Amino acid sequence: MSKLWGGRFTKDTNKLVEELTASISFDQKLAREDIQGSLAHVQMLAECGIITNEEMQSITAGLNKVGEKIEKGELTYSVENEDIHMNIEAFLIDEIGPVGGKLHTGRSRNDQVATDMHLYLKNHTNDIIKLIDDVQAAIVQQAEDNIETIIPGYTHLQRAQPVSFAHHMMAYFWMLQRDKERLLDSLERVNWLPLGAGALAGTTFPIDRERTAELLGFDKVYPNSMDAVSDRDFILEFLSASSILMTHISRLSEEFVIWSSEEFNFIELDDSFCTGSSIMPQKKNPDVPELLRAKTGRVYGDLVGLLTVLKGLPLAYNKDMQEDKEGMFDTVETVEGSLKLLAPMIATMNVNIDTMRKAVNNDYSNATDIADYLVTKGMPFREAHEVIGKIVLNAIEQGKYLLDLNLEEYQAFSPLFEEDIFEVLAPEHVMGVRNSYGGTSPEQVKMQLELAKDKLGVIQDSEK
Ligand code: ARG
């Protein structure tokens, strides 16, 4: 088959070279964006008098027809036509004849592919932002039900101080909020249009790039044609923001895996989000959070892969850049898929309030509060820390917790102890008095939930 660029060649392309250089097996995912970009391009060409209105109408009708046929699966892509751009152009020429060849006036595949990628990311970044919002809504719902639910708070995975389960979950709300804001911010740069940059140096035709931008809903046009065709940092930014997002998803998933173990038993994931074992009938495995944790690796890989592809490239377009696509598609699909599972998994999980409560009773996480108690009775904090350390050691030796010691036992360590020590030791009290801004007291958690609810749905409303 003759190539769209075959004029200068006297020999056919080696078959293996054809396979190596073709991107159609994966860039067919850009079909819709490619047609969208072309429709705007021809309209601009006609408005600028570069092609006639009849030509524009014929090409527009042809592109729409090709789009429909692609959606219905009626067209077969060919490796000989290399990529989505040349395949669609060939389909168009088949559909409407040689006038289809006018579509490529004043543009190159280099500015075309960059435009397709911008359009693709614009749509998917907005989808991802909405999906993050769904996860946040599920977190808020669980948090609202569990403001008074007490769970051990950990540092070094050692019990540290009791916290509200809502507070713990809401920590992830705020991480996701920053992820959402990072993605939203990246859209500002995705919103630059490369089309009209030509192969690298601009075009001799009197095109109107601002008009194309307007037709495609872009805010700005790249002011430098070489930058326009070589820039992939908008993808790097997306992959970076996605990597951070996946880090958060992975950490939360890890908590779910630990919490649903028999040792912790703090939560139970809904049956519909777990799987069984082919050999051990008792097993209910948290495969979903495990896989979400693991999928983080692919997204990091996609980021590092593209950084590596780009790091040594001179200006302007280099064929290396064709390798920008699979990682981007993979990240979009991985992130969207992960978020779609996470929201209902959180919404349907069962919180074992009693087990959490038992865990809090059976630990020493109220030790700081006894130290603070002695301080309010006049003892310097350092000295109080030392006294409580001895009390904890003594309790451990006796196989008791701080709630199990009686007043005499306390008074043996300091005469400052009085009956009110037992109020101070109660987990509700320990949690309730951490009432500084952003702390774990129910009052602060309620305040935090109010702030959080204001963030839900807001980004979608402001979407362009
Ligand atoms: N398939 C190519 C890519 O994805 C399109 C641009 C090709 N440009 C070129 N000069 N060969 O990067």
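Below are the figures for this structure:
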{"read-out": "Residues satisfying the stated conditions in region 405-434, i.e. of a type in the set (A, V, I, L, M) and in a helix (DSSP H, G or I)", "value": "407, 421, 424, 425, 430, 431"}
{"read-out": "Where a residue in region 64-84 is within 20 Å of residue 110 (Cα to Cα) and among the hydrophobic types (A, V, I, L, M, F, W, C) and its partner, wherever it lies, is part of a loop (DSSP other than H, G, I, E, B) and within 16 Å of the ligand (Cβ to nearest atom), with Cβ under 8 Å and at least six apart", "value": "79/22; 84/23; 84/77"}
{"read-out": "Restricting region 264-294 to residues that are basic (Lys, Arg) and more than 21 Å from residue 154 (Cα to Cα), the residue that is modelled with the highest pLDDT", "value": "284"}
{"read-out": "Test: residue in region 15-22 that is over 36 Å from the mean Cα position of the chain (by Cα), of a type in the set (Ser, Thr, Tyr) and within 16 Å of the ligand (Cβ to nearest atom)", "value": "no"}
{"read-out": "Filtered residues of region 300-333 (kept if touching a Lys or Arg at 6+ places or on another chain (Cβ under 8 Å), more than 12 Å from the ligand (Cβ to nearest atom) and closer than 21 Å to residue 227 by Cα)", "value": "306, 310"}
{"read-out": "Any hit, region 297-320, residues being within 21 Å of residue 111 (Cβ to Cβ), at pLDDT 95 or above and among the aromatic types (Phe, Trp, Tyr)", "value": "yes"}
{"read-out": "Sole residue being modelled with pLDDT under 95 and either of a type in the set (D, E, K, R) or over 30 Å from residue 46 (Cα atoms) (or both), chosen from 159, 178, 209", "value": "159"}
{"read-out": "Any pair with Cβ under 7 angstrom, 6 or more apart, that starts in region 256-272 at a residue that is more than 13 Å from residue 290 (Cα to Cα) and ends at one that is among the hydroxyl-bearing types (Ser, Thr, Tyr) and not in a helix (DSSP H, G or I)", "value": "267/260; 268/260"}
{"read-out": "Residue 338 being of a type in the set (S, T, N, Q), within 27 Å of residue 124 (Cα to Cα), more than 16 Å from the ligand (Cβ to nearest atom) and buried (at least 17 other Cβ atoms within 10 Å of the Cβ)", "value": "yes"}
{"read-out": "Hey, residue 65 away from the ligand (no atom under 16 Å from the Cβ), over 25 Å from residue 203 (Cα atoms) and touching a helix residue (DSSP H, G or I) at 6+ places or on another chain (Cβ under 6 Å) or not", "value": "yes"}
{"read-out": "Matching residues, region 69-85, being more than 16 Å from the ligand (Cβ to nearest atom) and buried (at least 16 other Cβ atoms within 10 Å of the Cβ)", "value": "70, 75"}
{"read-out": "Residues (away from the ligand (no atom under 13 Å from the Cβ) and out of contact with any helix residue (DSSP H, G or I) (no Cβ under 6 Å at 6 or more places or on another chain)) located in region 86-100", "value": "94, 97, 98"}
{"read-out": "For residue 9: the one exception among (1) within 15 Å of the ligand (Cβ to nearest atom); (2) crowded, with 19+ Cβ neighbours inside 10 Å; (3) hydrophobic (A, V, I, L, M, F, W, C)", "value": "(2)"}
{"read-out": "Unique match (being aromatic (Phe, Trp, Tyr), farther than 30 Å from residue 147 by Cβ and touching a residue at least 12 places away in the same chain (Cβ under 8 Å)) among 401, 410", "value": "410"}
{"read-out": "Check on residue 25, of a type in the set (Gly, Ala, Ser) and surrounded by 20 or more Cβ atoms within 10 Å (Cβ to Cβ)", "value": "no"}
{"read-out": "Subset of region 224-267 that is among the charged types (D, E, K, R) and not in a loop (DSSP other than H, G, I, E, B) - its residue that is surrounded by the most Cβ atoms within 10 Å (Cβ to Cβ)", "value": "237"}
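The values are calculated or read from the model by the stated rules, or taken from the named source; none is laboratory data. If you're wondering where the values come from, they're calculated on a predicted model, not measured in any experiment. No Cβ is skipped: glycine too gets one built from the backbone with ideal geometry, and neighbour counts run over all protein chains shown.
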